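Report on the following structure.
The values are calculated or read from the model by the stated rules, or taken from the named source; none is laboratory data. Keep in mind that what you see is a predicted model, and the values were worked out from it rather than measured. Every residue, glycine as well, gets a Cβ built from its backbone with ideal geometry; the counts of neighbours run over all protein chains shown. Surface accessibility is based on the protein's heavy atoms, side chains included, excluding ligands, DNA and RNA. Shrake-Rupley method; radii C 1.70, N 1.55, O 1.52, S 1.80 Å.
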Amino acid sequence: MNASCPVENRLELSVVVPCYNECDNVEPLFKALISALEGRKWEVIFVDDNSPDDTIKQVWRLAQQDRRIRGILRVGRRGLSSAVIEGVLSSSAECVAVIDGDMQHDETLLPMMLDAVLQDHYDFAVGSRHVEGGDNTGLANRWRLFLSNTGIRISQQFLPVTLNDPMSGFFLLRRSMFIELLPTLSGTGFKILLDLVMSASSSIRLKEIPFQFRQRLFGESKLGFKVMIQFLFMLMQKLFKTSVKKK
Ligand code: GDD
Ligand code: MN
């Protein structure tokens, strides 16, 4: 028996979606991905932390009809970054992308991001609200805007390369690169891109692609005081080079 998969059937991309209480957004996002990624070999993995609104049931319902979608249910744990890590670990595609589950990110950019990495050999393609053409109006209020801008200014001090939107949660990279960086990740909180880039070397090539941060479709943001504390904790872990995974 020949176990190898014909090259034309190999997965190019796993889209990883951390989700918590996003039941009404699952189907719209899946449909949007179907049209955005037409002609590409892809799958989407929703990673749900046992949401009270039964988000995972929406995922499983669609998964019974279409093999491009699947879900991971985590019980007794919470966290955007750690959910992303587990989603990536369940993938075997060439590249992985991370996108929010509330339609705030622009999924139509995924093919361009994929080409930036696969054809133009960038290490990271980042959906950016802070390069020309990008827009941040989807942030809920001025307080969120202030927090986001302050976070950006703090984190830019510690990055090995220029990244105008280190707080973005919308990015794509080779899976092998993610796995290489994995042992040094903090995995705490919301900022998995920042976590990854802070762990990377100064020789990485990073392409920022402008996008307009949309209003959330249904539901509400999970960013609260605890997430802000986690952000500072994550920065400390990175600066003192400690990692939860190493212990
Ligand atoms: N599995 C899991 N567990 N998913 C989570 C958790 C969690 O504990 N907390 C949040 N999520 C999911 C949400 O359901 C959503 O799909 C995504 O992670 C982003 O969460 P939001 O609560 O919508 O975040 P936001 O809109 O406040 O923040 C956005 O802007 C930041 C930049 O200001 C996100 O895009 C962040 O990724 C981004 O860094
Ligand atoms: Mn959101």
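Could you give the dipole magnitude of the range 104-185 about its Cα centre, charging the beta-carbon of Lys and Arg +1 and that of Asp and Glu -1, in debye to the nearest 20?
Around 400 debye, computed over the range 104-185.
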The range 18-33 and the range 94-157: distance between their alpha carbon centers, rounded to Å: 18
With an 8 Å cut-off on Cα pairs and a minimum separation of 6 or more residues, tell me the relative contact order of the chain in percent. 23
List, in order, the whole-Hz ³J(HN,Hα) value for each residue of the range 175-189 obtained from phi through the Karplus relation with A = 6.51, B = -1.76, C = 1.60 and θ = phi - 60°; use x for Gly and Pro. 4, 4, 5, 4, 5, 4, 7, 3, x, 9, 6, 7, x, 8, x
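What part of the accessible area of the range 1-107, given as a whole %, is carbon or sulfur when the probe is 1.4 angstrom?
47
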With every protein chain present, what is the per residue accessible area of the range 73-177 (1.4 Å probe, Å²)? 42
Long-range tail of P(r) for the chain (Cα pairs > 35 Å, %): 8
Efficiency of FRET between Phe233 and Glu12 - r from beta-carbon atoms, R0 41 angstrom, step 0.05: 0.70
Could you name the aspartates and glutamates in cross-link range of Lys238, using Cα to Cα under 19 Å and dropping any fewer than eight places away on the same chain? Asp165, Glu180, Asp195
For a test of the definition: using alpha carbon positions, the gyration tensor, and the 1.5 limit on a/c, classify the range 49-115 as rounded, prolate or oblate. prolate
By the DSSP-based rule, helices of the chain that are at least 18 Å long along the axis (C-alpha) and have a mean Kyte score of at least 0.5 are 23-36, 225-239
Cα-Cα longer than 29 Å, checked against Lys41/Lys191; Lys31/Lys191; Lys57/Lys241; Lys41/Lys226; Lys41/Lys241; Lys57/Lys207, kept in input order, equals Lys57/Lys241; Lys41/Lys226; Lys41/Lys241; Lys57/Lys207
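I need the semi-axes of the equivalent ellipsoid of the range 96-172: take the C-alpha gyration tensor, multiply each eigenvalue by 5, square-root it, list largest first in whole angstrom.
Taking √(5λ) for each Cα gyration eigenvalue gives 22, 16, 10 Å.
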